[in-house]
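Working notes, beginning with the structure itself.
The values are calculated or read from the model by the stated rules, or taken from the named source; none is laboratory data. Computed from a predicted model, the values in this text were never measured in an experiment. Every residue, glycine as well, gets a Cβ built from its backbone with ideal geometry; the counts of neighbours run over all protein chains shown. SASA here: full protein model, heavy atoms, side chains in, ligands and nucleic acids out. Shrake-Rupley method; radii C 1.70, N 1.55, O 1.52, S 1.80 Å.
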Amino acid sequence: MSNIKYILGSFGDPDEMMHGIEKLQENNIKIHDVYTPMPIHGIEAKLGVKRSRLDILAFFCGITGTMSAFALIYLTSVVDWKHNIGGKPALALPDFIPIMFEVTILFCAFSLVGAYYASTHLFPGRAPRVMDLRATDDRFIIAIDAKENAEHSKIDGLLKDAGALEIKHNERKYISYE
């Protein structure tokens, strides 16, 4: 058994890469991932990528921020340090709205940045891991798990037919910048 972990098809054009994805899927070959230097419309649907749940997290973090701000303002200005300023009531809700809005945004922003880093493993200070360094510049890479798909020569032929400029057989998962 070989040590090949991934077969990488390198394309110079996004349309050829999309054609390569179609050819591989027609032959029931599972694609591990696709790396592109720019966003490509419709690639998520073609690869079957699930919808992100970050919007749900944002909603609940926003609600948490709003409730936290209201609780802080209420407890400090109504319960603990009640002041009669110009005859206004202690619980002046319109005065609380700007602070509640800002804390809502603050909670959403910090939680979504943290969730993004956690879900993509892109923590600050960590070297990015990519399969082919040219995927960040001008190449479109299709990565196929070689262990799940045993017909390597068939995969090579399909990638070549789709217009792959280069086909590599990687023995390791990622190339480090270090």
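Below are the figures for this structure:
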item	result
Pick from the stretch 147-178, criterion at pLDDT below 85, in contact with a helix residue (DSSP H, G or I) (Cβ under 9 Å, 6 or more places away or on another chain) and part of a loop (DSSP other than H, G, I, E, B), ranking: least open to solvent (accessible area, probe 1.4 Å)	Asn149
Lone unmet requirement of (1) surrounded by 12 or more Cβ atoms within 10 Å (Cβ to Cβ); (2) assigned by TED's automatic domain parsing to the domain that holds Glu102; (3) not aliphatic (A, V, I, L, M) for Phe59	(1)
Among the candidates Leu91, Leu106, residue that is touching a residue at least 12 places away in the same chain (Cβ under 8 Å), part of a helix (DSSP H, G or I) and of a type in the set (A, V, I, L, M)	Leu106
Unmet criterion (only one of (1) closer than 16 Å to Ile31 by Cβ; (2) at pLDDT below 80; (3) in contact with a strand residue (DSSP E or B) (Cβ under 6 Å, 6 or more places away or on another chain)) for Phe140	(2)
Any hit, the stretch 24-31, residues being open to solvent by 30 Å² or more (accessible area, probe 1.4 Å), free of Cβ contacts under 8 Å to residues at least 24 places away in the same chain and over 30 Å from Ser153 (Cα atoms)	no
Any hit, the stretch 38-47, residues being under 21 Å from Glu151 (Cβ atoms) and not hydroxyl-bearing (Ser, Thr, Tyr)	yes
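Results for (1) among the hydrophobic types (A, V, I, L, M, F, W, C); (2) open to solvent by 80 Å² or more (accessible area, probe 1.4 Å); (3) touching a Leu at 6+ places or on another chain (Cβ under 8 Å); (4) over 30 Å from Arg53 (Cβ atoms), shown as yes or no for each residue.
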| site | (1), (2), (3), (4) |
| --- | --- |
| Ile73 | yes, no, no, yes |
| Asn84 | no, yes, no, yes |
| Asp95 | no, yes, no, yes |
| Ala118 | yes, no, no, no |
| Arg126 | no, yes, no, no |
| Leu133 | yes, no, no, yes |
| Phe140 | yes, no, no, no |
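Residue-by-condition table, conditions (1) farther than 23 Å from Leu57 by Cβ; (2) of a type outside the set (Phe, Trp, Tyr); (3) touching a residue at least 60 places away in the same chain (Cβ under 8 Å):
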position	(1), (2), (3)
Pro124	no, yes, no
Ala127	yes, yes, no
Arg134	yes, yes, yes
Asn149	yes, yes, yes
